[in-house]
1. Quick one: ALA77 ticks every box in (1) modelled with pLDDT under 80; (2) within 21 Å of GLN11 (Cα to Cα) except a single one, so which number is it?
2. Of all residues in the stretch 46-69, which are open to solvent by 40 Å² or more (accessible area, probe 1.4 Å) and assigned to a loop (DSSP other than H, G, I, E, B)?
3. Of all residues in the stretch 75-103, how many are part of a helix (DSSP H, G or I), without any contact (Cβ under 8 Å) to a residue 60 or more places away in the chain and surrounded by 12 or more Cβ atoms within 10 Å (Cβ to Cβ)?
4. Can you tell me which residue is nearest to SER310 (Cα to Cα) among those in the stretch 331-372 that are of a type in the set (Lys, Arg) and not in a strand (DSSP E or B)?
5. Among the residues of the stretch 156-215, which ones are among the acidic types (Asp, Glu) and within 22 Å of the chain's Cα centre (by Cα)?
6. Quick test of your reading of the structure: ARG368 fulfils all but one of (1) modelled with pLDDT under 90; (2) out of contact with any Gly (no Cβ under 6 Å at 6 or more places or on another chain); (3) open to solvent by less than 40 Å² (accessible area, probe 1.4 Å). Name the failing condition by number.
7. Does the stretch 285-292 contain at least one residue that is open to solvent by 10 Å² or more (accessible area, probe 1.4 Å) and assigned to a helix (DSSP H, G or I)?
Amino acid sequence: TDRKRMNELAQPLLDRVGAQFHSDTPVSTLSLAECQLLEIAKALSMNARLVIMDEPTSSLTLSETNMLLKVIADLKAEGIAVVYISHRLSEVEECVDRAVVLRDGHNVGTLGRDLKALYTPPAQMSSKPILSVRNFCIKSKPDRPASFDLMAGEILGVAGLIGAGRTELAEAIFGVGQKLGGEVLIDGEHLNTKSPADAIAAGLYLVPEDRKRSGLILDFPTVENITMASLPAFTSHGLVSQKRQIEVAEVQRSSLAIKTHDVCRAANEMSGGNQQKVVLAKWLSIDPKVIIFDEPTRGIDVGAKAEIYSLMRSLADRGVGVMMISSDMEEVIGVSDRIVVMKDGVITGELPRLKFSESNVLNLAVGRVLEEA
């Protein structure tokens, strides 16, 4: 194969979708969002007459989404038909000529409900930090320390562009990724997370961005996915009580409305929204103090989003600290009680609810200083 020629043909396609990586970059080093852009570029390389995009913006930031919508407009201008499948109604309203709405496999004929109805109002949060991160450095940004507080009963939104270090920060706090310096405190007590087991023992849990790769063992039964993080609680003299596992899994299935007739069925037989609920059930079956949600509604439908938002708010109402990383601007603004914005591994600013706006978030994401009102 002529790799030089392949790169010459591929790079313009990557530039067209706004990708910030080169055509010879190994795919194994790309983030989930970058892989999404690569998939779109691959589709464009085929000179197709019809392109079906299934949740193409689920991992993209606002700027990348806008770039994609411009690509779709160009495809339309070239006479290419596009089927655009999305749960983000604002995008549907912006870019489509005609909308077909499906429910249970049938055309129900209407555009859909207002997403603002999904967001529940905040309750009174504590003024006491339940999680404090001080001068915390991650491996990819060794000289860029981050510091922030998460209050008990608060949903803290974490915004930023791709490459800002949000996921790496969350993983390092949880003990998956490597930290190079700084400290983490839970309820004022220093936490040294050498592994996820240390974080779990302290009541700090992570719902990862890629549930299929990092949150579930897809071939395992739902019951085992729900109880794997707390397996010692079901073990006596080296033997696991499947009866007790099933009892706990059934409680979580009922409380989270997980759609499965049998908790012994494999997790890979469920929809994306129900798989996400199983990841949550794993942590809710034990007592959380802090839960970090990384892109919690990526690739799930509007109904499942509403349930996830409601669950997050109910956790906050119970005094749990909820940290939500999201690239969905509408979600960050609609769900959060307070927003911190990251750029290159550091917190560039903090927004109280009264200052929530797309403009303020984007300005902080690119490192601009906000003007005082």
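1. Unmet for ALA77, out of (1) modelled with pLDDT under 80; (2) within 21 Å of GLN11 (Cα to Cα): (2).
2. Taking the stretch 46-69 and keeping what is open to solvent by 40 Å² or more (accessible area, probe 1.4 Å), we get 46-47, 49-50, 52, 54, 62-63, 66-67.
Those that are open to solvent by 40 Å² or more (accessible area, probe 1.4 Å) and assigned to a loop (DSSP other than H, G, I, E, B): MET46, ASN47, ARG49.
3. In the first step, residues of the stretch 75-103 are kept if they are part of a helix (DSSP H, G or I); the result is 75-77, 89-95.
Right, trim to without any contact (Cβ under 8 Å) to a residue 60 or more places away in the chain and you get 75-77, 91-95.
Pick out the ones that are also surrounded by 12 or more Cβ atoms within 10 Å (Cβ to Cβ) and you get 75-76, 91-92, 94-95.
Of the residues in the stretch 75-103, 6 are part of a helix (DSSP H, G or I), without any contact (Cβ under 8 Å) to a residue 60 or more places away in the chain and surrounded by 12 or more Cβ atoms within 10 Å (Cβ to Cβ).
4. Here is the first cut: in the stretch 331-372, the ones of a type in the set (Lys, Arg) are 338, 343, 353, 355, 368.
So of that shortlist, the ones also not in a strand (DSSP E or B) come out as 353, 355, 368.
Numbers: ARG353: 19, LYS355: 23, ARG368: 33 Å.
The qualifying residue nearest to SER310 (Cα to Cα) is ARG353.
5. Taking the stretch 156-215 and keeping what is among the acidic types (Asp, Glu), we get 168, 171, 183, 187, 189, 198, 209-210.
Answer for the stretch 156-215, where residues must be among the acidic types (Asp, Glu) and within 22 Å of the chain's Cα centre (by Cα): GLU168, GLU171, GLU209, ASP210.
6. (3)
7. No, the stretch 285-292 contains no residue that is open to solvent by 10 Å² or more (accessible area, probe 1.4 Å) and assigned to a helix (DSSP H, G or I).
Here's the yes/no breakdown for (1) within 30 Å of PRO56 (Cα to Cα); (2) out of contact with any Lys or Arg (no Cβ under 8 Å at 6 or more places or on another chain); (3) free of Cβ contacts under 8 Å to residues at least 60 places away in the same chain; (4) open to solvent by less than 60 Å² (accessible area, probe 1.4 Å):
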position: GLN245; (1), (2), (3), (4): no, yes, yes, yes
position: ARG253; (1), (2), (3), (4): yes, yes, yes, no
position: GLY303; (1), (2), (3), (4): yes, yes, yes, yes
position: GLU307; (1), (2), (3), (4): yes, no, yes, no
position: MET323; (1), (2), (3), (4): yes, yes, no, yes
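The values are calculated or read from the model by the stated rules, or taken from the named source; none is laboratory data. As the structure is a computational prediction, the values presented were derived from the model and not from experiment. For neighbour counting, all protein chains shown are included, and Cβ atoms are generated from backbone atoms with ideal geometry for every residue, glycine included. Quick note on the areas: whole protein, heavy atoms, side chains included, nothing else; ligands and nucleic acids left out. Shrake-Rupley method; radii C 1.70, N 1.55, O 1.52, S 1.80 Å.
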